1. In the range 87-140, what count of residues is obtained for those that are in contact with a strand residue (DSSP E or B) (Cβ under 7 Å, 6 or more places away or on another chain), under 18 Å from Val152 (Cβ atoms) and of a type in the set (A, V, I, L, M, F, W, C)?
2. Please give the helices (runs of 4 or more DSSP H) falling wholly within the range 135-194 in which 1 or more residues are closer than 17 Å to Cys30 by Cβ.
3. Hey, does the range 13-34 have a residue that's open to solvent by 10 Å² or more (accessible area, probe 1.4 Å), outside any helix (DSSP H, G or I) and without any contact (Cβ under 8 Å) to a residue 40 or more places away in the chain?
4. Of the residues that make up the range 15-34, is at least one within 17 Å of Phe88 (Cα to Cα), over 15 Å from the mean Cα position of the chain (by Cα) and modelled with pLDDT of 95 or more?
5. Being of a type in the set (A, V, I, L, M) and surrounded by 13 or more Cβ atoms within 10 Å (Cβ to Cβ) is the filter; apply it to the range 68-101 and report the residue that is modelled with the lowest pLDDT.
Amino acid sequence: AHFATLDRIERLFESERLPMVLLKGAALACSGYHDPSFRSMSDLDIWVRDEDMPRAVLGLRSLGFHQEPGLPGRPDALQRRSSGELIFRHAWGEHGLVELHYGAFQGWWIQRAAQPDTEAVWRRRTPMGPGRHASRLAAEDAILQTGFHVVVNQFGQAPLRGLMDLAVLARAHFIDWDVVAERARAWRLGTATW
């Protein structure tokens, strides 16, 4: 169901010339695992540029999705400033959740204590593959994003899945670990991700 939904979103975003980057599960399932069904997912995480967010929201609405109300202390403007996400559910509840992300590194901790170079991360994105509109993070950026996500969220939710994602990324793609370490230090993520 997630991949059928993703295909519909990709086709629409392609027709609208709206760039998108898959994050976490959907990106890894399609680029790291031999069989995408091996990577469980509860939602689709899609990063779009701030300036493209209004068109992306309208696009999801045209596909039958509606925006879920955010948590009381997290209005849309606050989500944008913290590189958070907007959450969508299909009107009939049959396609799971879609989260449109304002950035690959979200949350107030990273906004105040770290400095990921999100412009460079966006420029380094790589195509998901032939016939696909979506992109994914470059391998070294994906390692840092996944590691950061494990530390911030997954140790409280699904730590083994996050650690497995790191192992699958390292097995499926060439990783320049010197570049990972250099970016972690430059972005002030070294302690959080080591």
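1. 3
2. 139-152, 159-172
3. yes
4. Checked the range 15-34: no residue is within 17 Å of Phe88 (Cα to Cα), over 15 Å from the mean Cα position of the chain (by Cα) and modelled with pLDDT of 95 or more.
5. Top of the filtered list is Leu78.
Yes or no, residue by residue, for (1) within 29 Å of Val57 (Cβ to Cβ); (2) open to solvent by less than 50 Å² (accessible area, probe 1.4 Å); (3) among the small types (Gly, Ala, Ser); (4) under 16 Å from the mean Cα position of the chain (by Cα):
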residue	(1), (2), (3), (4)
Gly103	yes, yes, yes, yes
Ala113	no, yes, yes, no
Asp117	yes, no, no, yes
Arg125	yes, no, no, yes
Gly131	yes, no, yes, no
Val151	no, no, no, yes
Met164	no, no, no, no
Asp178	no, no, no, no
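The values are calculated or read from the model by the stated rules, or taken from the named source; none is laboratory data. Just so it is clear, the structure is predicted and the values come from calculations on it, not from any experiment. So basically every Cβ, Gly included, is an ideal-geometry build from the backbone, and we count neighbours across all protein chains shown. The protein model used for the area step is the full one, side chains on, heavy atoms only, and it has no ligands, DNA or RNA in it. Shrake-Rupley method; radii C 1.70, N 1.55, O 1.52, S 1.80 Å.
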